[in-house]
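Visitor: What follows is a single structure, and I will ask about it in a moment.
The values are calculated or read from the model by the stated rules, or taken from the named source; none is laboratory data. Just so we're clear, the structure is a prediction, and the values are computed from it rather than from any experiment. Here the Cβ is made from the backbone with ideal geometry for all residues, glycine too, and neighbour counts use every protein chain on show.
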Amino acid sequence: MTYQEQLDKNRIPGHVAIIMDGNGRWAEQRGKQRTEGHIQGVEVVRKIMENAVELGIKYLTLYTFSTENWNRPQQEVSALMGLLFKNIQEDVFIRNQVRFRVIGDMERLPEDVQVKLVDCMEKTKDFDRSCMVLALSYSSRWEITRAARMLAEKAVKGEISPADIDEKMVSASMTTDFMPDPDLLIRTGGEIRLSNYLLWQSAYTELYFCDTFWPDFNMEELCKAIYVYQQRERRFGKTGAQVAEQKNKTAE
C-alpha cells in the first residue's frame, strides 16, 4: 500500500513548508554541472505544486534562494536568477487556480525578475484554491530584524507603545502575515537543520527530514512526510491528556 493510500484525507496539513536541498549534489553524483540539478529541481517544483493542490494543501512555501545564497559563486547565482526568470510562468498557476506570492528581500533581485514576479502575483491574486509561496532572497534573521525595525519606527513616531508589542504584533510585522504558520516543514537532501528558514513561524511546526535529493522528490515522498506528520500528536505545550480531552469536547 502506498503512503498516499494510507493518508487520512481529513488531516492534511494546511501549510507545508519545504527546504528544497540537494540539487547541486544530485548533479555532481551524476557527473553534471550543478546548474543541471537546479534545472531538474524546477521541474519538481511544478509537479509538487500540482501534487499539493491535489492533496488539498492550502499553502506551500518553498525555500528557493536564501540571503546567504548570494555568497555562492557568481556563475551559479547568475544561472539561478536566469532559471527563475525563465520559469515564472503564470499559466501554470492560472491553470491550477493557485495564488502566487513571494517573501523575502525582493529589492536585491534583478529588476527583470522583480517585474515578472510582481506581474505573476497580480495576475493570480484572486485565486483561493491554494497558494504557492517562494522564499526568495529570504532569511529569518533578515525578516525578524526587519520586523523589529518596523516596530521600533512606529514606537518612535508614537503610533504604538513598546509595552503594547506582543507576539501577535510581531507576527503581523512578518512577511508571512498573510498565511498561517507551517504545520509541517520538510527538508530534503539529508541535512538536519533549518538554515535560517521560518524560525519565528516554526515554533510549533512538525519537522521532517529525508535523505532524498530535491530532484528525486515526488508525490509519494510528499505523502510519506504527511503520513509521518499524521502519526504525531501536536500538543502545543499541553499534556497528552489535555489534548485528548479537548478532542473529546470537540467531538461532542
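Visitor: Identify the residue in region 60-82 that is surrounded by 14 or more Cβ atoms within 10 Å (Cβ to Cβ) and among the hydroxyl-bearing types (Ser, Thr, Tyr) and, among all such residues, is farthest from Gly14 (Cα to Cα).
Guide: Thr67
Visitor: I would also like to ask the following. Exactly one of (1) closer than 24 Å to Ile103 by Cβ; (2) at pLDDT below 95 is unmet by Ile57. Its number?
Guide: Here Ile57 clears every test but (2).
Visitor: Does Leu222 satisfy the criteria of being within 17 Å of Asn51 (Cβ to Cβ), touching a helix residue (DSSP H, G or I) at 6+ places or on another chain (Cβ under 7 Å), at pLDDT 95 or above and buried (at least 19 other Cβ atoms within 10 Å of the Cβ)?
Guide: yes
Visitor: From (1) over 26 Å from His38 (Cα atoms); (2) touching a helix residue (DSSP H, G or I) at 6+ places or on another chain (Cβ under 6 Å); (3) surrounded by 16 or more Cβ atoms within 10 Å (Cβ to Cβ), pick out the condition that doesn't hold for Ile160.
Guide: The number of the failed condition is (3).
Visitor: For Glu43, which of the numbered conditions (1) more than 20 Å from the chain's Cα centre (by Cα); (2) assigned to a helix (DSSP H, G or I) fails to hold?
Guide: (1)
Visitor: Then there's this: Output the residues belonging to region 1-43 that are at negative phi and of a type in the set (Gly, Ala, Ser).
Guide: Residues satisfying the conditions are Gly14, Ala17, Gly24, Ala27, Gly37, Gly41.
Visitor: On to the next question. Just to be sure I understand the filter: pairs with C-beta atoms under 6 Å, separated by 6 or more residues or on different chains, first member in region 1-13 and over 22 Å from Cys131 (Cβ atoms) and modelled with pLDDT of 95 or more, second member surrounded by 10 or more Cβ atoms within 10 Å (Cβ to Cβ) and of a type in the set (Phe, Trp, Tyr). Which pairs pass?
Guide: Tyr3/Tyr227; Gln6/Tyr227
Visitor: From the list Asp119, Asp126, Asp91, Asp112, which residue is among the charged types (D, E, K, R), surrounded by fewer than 19 Cβ atoms within 10 Å (Cβ to Cβ) and not in a helix (DSSP H, G or I)?
Guide: Among Asp119, Asp126, Asp91, Asp112, only Asp126 is among the charged types (D, E, K, R), surrounded by fewer than 19 Cβ atoms within 10 Å (Cβ to Cβ) and not in a helix (DSSP H, G or I).
Visitor: May I ask you to list pairs of residues, at least six apart or on different chains, whose Cβ atoms are under 6 Å apart, with the first in region 181-196 being within 15 Å of Leu222 (Cα to Cα) and aliphatic (A, V, I, L, M) and the second being modelled with pLDDT of 95 or more and outside any loop (DSSP other than H, G, I, E, B)?
Guide: Between residues of region 181-196 that are within 15 Å of Leu222 (Cα to Cα) and aliphatic (A, V, I, L, M) and residues that are modelled with pLDDT of 95 or more and outside any loop (DSSP other than H, G, I, E, B), the close pairs are Leu184/Val16; Leu184/Glu206; Leu184/Tyr229; Leu185/Ala17; Leu185/Leu207; Ile186/Ile18; Ile186/Tyr208; Ile186/Ala225.
Visitor: Restricting attention to region 53-66, which residues are in a helix (DSSP H, G or I) and in contact with a strand residue (DSSP E or B) (Cβ under 6 Å, 6 or more places away or on another chain)?
Guide: Step one: list which residues in region 53-66 are in a helix (DSSP H, G or I), which gives 53-55.
Correct list: Val53 only.
Visitor: Sticking with this structure for a sec: So which of Glu191, Glu153 is more than 27 Å from Tyr229 (Cβ to Cβ), at pLDDT 95 or above and either of a type in the set (Asp, Glu) or surrounded by 12 or more Cβ atoms within 10 Å (Cβ to Cβ) (or both)?
Guide: On the way: Glu191 fails: more than 27 Å from Tyr229 (Cβ to Cβ).
On inspection, the qualifying residue turns out to be Glu153.
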